[in-house]
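*Asks:* Would you mind keeping the following structure in view while I ask a few things?
The values are calculated or read from the model by the stated rules, or taken from the named source; none is laboratory data. Note that the structure is predicted; figures quoted are calculated from it, not measured. Using ideal geometry, Cβ is built from the backbone for each residue, glycine included, and neighbour counts are taken over all protein chains shown. These accessible areas exclude ligands, DNA and RNA; they are computed on the full protein's heavy atoms, side chains included. Shrake-Rupley method; radii C 1.70, N 1.55, O 1.52, S 1.80 Å.
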Amino acid sequence: MNSVSPSAVQYVGVVMQEELVESRRPQPLERQGSFGLRPAPTTEPGREANEEPDELDKLKSKLMTAWNNVKYGWTVKSKTSFNKTSPVIVLGNSYLLNSEDEVERFRLAFVSRIWLTYRREFPQLDGSTLTTDCGWGCMLRSGQMLLVQGLLVHLMPRDWAWPDAQQLTEVDFEVFRPRSPARAGGVPIPSFGSPRGSNTPEKSLASDQVSKCSQKKGPEYRRDSQAETLHHKLVSWFGDQPPAPFGLHQLVDIGKSSGKKAGDWYGPSIVAHILRKAVAKTSVLHNLAVYVAQDCTVYKQDVVHLCDLSLSQTPPDPSSQAWKSVLILVPVRLGGEVLNPSYIECVKNILKLECCIGIIGGKPKHSLYFVGFQDEQLLYLDPHYCQPLVDVSQVNFSLESFHCSSPKKMPFNRMDPSCTIGFYAKNKKDFASLCSAVSEALSSSKEKYPIFTFVEGKSQDFGLEGHGSNNSGPAAHILPPGRQGMMNNRRNSDEFVFL
């Protein structure tokens, strides 16, 4: 979403402790971090870590909050144009927008994704004075969206769509025929939806078409009270309150073991490990595990050891069908300083797979959650919009702010090469199918070496005993001959992020 939000202020003027040591000169905001602004620690150098923040820190925090409330509290309304002749891919599903029925299917699919953004006025984060994540929490929000999509496919019916999505008729996009004789240069032809406040005859007609279309409620979109109860519960798990198992408070707390704290920026790789620990820690999920690939390699036997419950029986029962569902998160780097164009076709083929739950990454200094593409542009959800806290402990709290009605696109060549790709397998058979389908998609790369690989055996067979997926340390880097030198200059960069 092209937007700005009101909580980022808390972290704008703060600088990293090592930067204070190196230089006292203020730096431009745009150079202070990669995915968002890099805020300063809540304690000054030399101050005891457990000492309460002084009045100066509190004043800084209030000023930052005020600034972020201005910066991230509004959004630029702009329509995204879609081509009628090319399919739109959204997490393994294809939509050819050449009819109102197909446009409606796409609209429901997109609006039904859960959208997690900056929030303000939530309970103070432990060890800081921060009550908003504006300006630094975008990668954590993108990670939450990746995880919640995995939980949607894990817990909800496969064809589930949010029934109230049909009430949001003002969806901000339009469909056009590229370079048609009637409209030279591919001028957009409004299909449905209209900007708020517009009342031109052409746009009113488009809006009428949406209303008529949204009244066609097929059986697959009828309200399922059980599914909607689960929908509320699922969103509540990501609430911005300390008890929420996948809320910001929990994720920041888990990040402390990796040297992160509230106000730091997070890379896509460390967020993958934070999500893994959050799922392992919670008691709300009993039949789901998260595996994080090591050095761009998925070790199949490690996944089996994580998911095959029969192995924990004494003695092991090979005939047992007990198997945990699994989210497989693969941190990768798709190039050096910029995206390698040779990987674009491979990324497209991955997003076409039903087992793919999306990609967290973004563009430089701007984390995004990628859910699909059309032609040479990625489709994404943007966390950079600050919204007020929603009290998810209330019965039937409003879900509207957790769903986005504005699809946005960006060119592939603007994608930052550092990202984490997510997959979901419900059972052992699905895992085998996932390995086969993803391997085929990876082979479409024009590069000599694939983005990542699947390997038989365990990581310890390759000398990675200290880097198992349940270990919080950084993954080792095992590369084909000739590539070790290419990575030497990347060793000291956090999470493969070079922005």
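*Asks:* Taking θ as phi - 60°, what are the ³J(HN,Hα) couplings along the range 331-339 by the Karplus curve (6.51, -1.76, 1.60), each to the nearest whole Hz, with x for Gly and Pro?
*Replies:* x, 9, 10, 9, x, x, 7, 10, 5
*Asks:* So if we plug the beta-carbon distance of N93 and V455 into 1/(1 + (r/R0)^6) with R0 = 22 Å, what FRET efficiency do we get, rounded to 0.05? Write down the numbers at each step before the final one.
*Replies:* Numbers: r = 30 Å, r/R0 = 1.35.
Once rounded, the FRET efficiency stands at 0.15.
*Asks:* Long-range amide H contacts for R119: which residues qualify at under 5 Å (H placed 1.01 Å from N, peptide plane, sequence gap of 5 or more or a different chain)?
*Replies:* Those qualifying (amide H under 5 Å, at least 5 residues apart or on another chain) are D133, C134, Q387.
*Asks:* Next question. On a full-extension model of 0.36 nm per residue, what is the gain between E447 and E100, subtracting their alpha-carbon distance, rounded to one decimal in nm?
*Replies:* Details: separation 347, 0.36 × 347 = 124.92 nm, distance 3.95 nm.
Using 0.36 nm per residue and subtracting the Cα-Cα distance, I get 121.0 nm.
*Asks:* Report in % the part of the accessible area of the range 412-467 that belongs to carbon and sulfur, leaving out ligands and nucleic acids; probe 1.4 Å.
*Replies:* On the way: 1340 of 2840 Å².
That fraction is 47 percent.
*Asks:* Next question. How high is the relative contact order of the range 362-472, in percent, counting Cα pairs under 8 Å that sit 6 or more residues apart? Show your work: numbers first, answer last.
*Replies:* Details: 72 pairs, mean separation 20.7, N = 111.
Relative contact order, the range 362-472: 19 percent.
*Asks:* Convert each backbone phi in the range 137-150 into a coupling constant with the Karplus relation 6.51 cos²θ - 1.76 cosθ + 1.60 (shift: θ = phi - 60°), then list the ³J(HN,Hα) values in order as whole Hz, x for Gly and Pro.
*Replies:* Listing the rounded values in order: x, 5, 6, 5, 5, 4, x, 4, 5, 5, 5, 5, 5, x Hz.
*Asks:* What fraction of the Cα pairs in the range 114-168, stated in percent, has a spacing above 17 angstrom? Before the final figure, lay out each step's value.
*Replies:* Details: 810 of 1485 pairs.
Roughly 55 percent, once rounded to a whole number.
*Asks:* While we're here: Under a plain spin-label model, where a point goes 7 Å from the Cα along Cα-to-Cβ, how far apart in nm are V338 and S312?
*Replies:* Going by the 7 Å Cα→Cβ label model, 4.9 nm.
*Asks:* On to the next question. Probe of 1.4 angstrom, ligands and nucleic acids ignored: what's the accessible area per residue over the range 333-433, in square angstrom? Can you show the working numbers first?
*Replies:* Working: 3480 Å² over 101 residues.
For the range 333-433, the per-residue accessible area is 34 Å².
*Asks:* At a temperature of 4 °C and a viscosity of 1.567 mPa s, determine how fast the range 264-365 diffuses translationally according to Stokes-Einstein, using the Kirkwood radius over alpha-carbon pairs as Rh; express D in µm²/s, rounded to the nearest whole number. Walk me through the numbers on the way to the answer.
*Replies:* On the way: Rh = 15.9 Å.
Rounded, D is 81 µm²/s.
*Asks:* What is the range 308-423 by shape, rounded, prolate or oblate, if you read a ≥ b ≥ c off the alpha carbon gyration tensor as root eigenvalues and call it rounded for a/c under 1.5, prolate for a/b larger than b/c, and oblate otherwise? Write down the numbers at each step before the final one.
*Replies:* Numbers: a/c = 2.51, a/b = 1.25, b/c = 2.01.
It comes out oblate by the Cα gyration axes.
*Asks:* Still on this structure, I have one more. Within the accessible area of the range 323-388, what % is carbon and sulfur when the probe is 1.4 Å and the other protein chains stay in place? The partial results should precede the final answer.
*Replies:* Numbers: 850 of 1700 Å².
Carbon plus sulfur share of accessible area: 50 percent.
*Asks:* Suppose each label sits 7 Å from its Cα in the direction of the beta carbon; what would the A432-T282 distance come out to in nanometres?
*Replies:* About 3.0 nm, to one decimal.
*Asks:* What order do you get for 227-235, 247-255 when each peptide is scored by the mean count of other beta carbon atoms within 10 Å, highest first?
*Replies:* Ranked by mean Cβ neighbours within 10 Å, highest first: 247-255, 227-235.
*Asks:* Still on this structure: Given H placed 1.01 Å from N in the peptide plane, which residues other than close sequence neighbours of G335 have an amide H under 5 Å from its amide H?
*Replies:* N340
*Asks:* For K79, project a label point 7 Å along Cα to C-beta. Then give me every residue of the range 383-424 with its amide nitrogen under 17 Å of that point.
*Replies:* Hits in the range 383-424 for K79 at 17 Å: 405-409.
*Asks:* Here's a follow-up. For a protection proxy built on the mean count of beta-carbon atoms within 10 angstrom, sort 85-92, 419-426 highest first, please.
*Replies:* Numbers: 85-92: 19.1, 419-426: 24.5.
By packing density, highest mean first, the sequence is 419-426, 85-92.
*Asks:* Next up: Subtract the Cα-Cα distance of F462 and H232 from 0.36 nm times their separation in residues, and report this length gain in nm to one decimal.
*Replies:* On the way: separation 230, 0.36 × 230 = 82.80 nm, distance 4.36 nm.
That pair, F462 and H232, stretches by 78.4 nm at full extension.
*Asks:* Taking amide H atoms as placed 1.01 Å from N in the peptide plane, list the residues 5 or more away in sequence, or in a different chain, whose amide H sits under 5 Å from that of S112.
*Replies:* Distant-sequence amide H within range of S112: W162.
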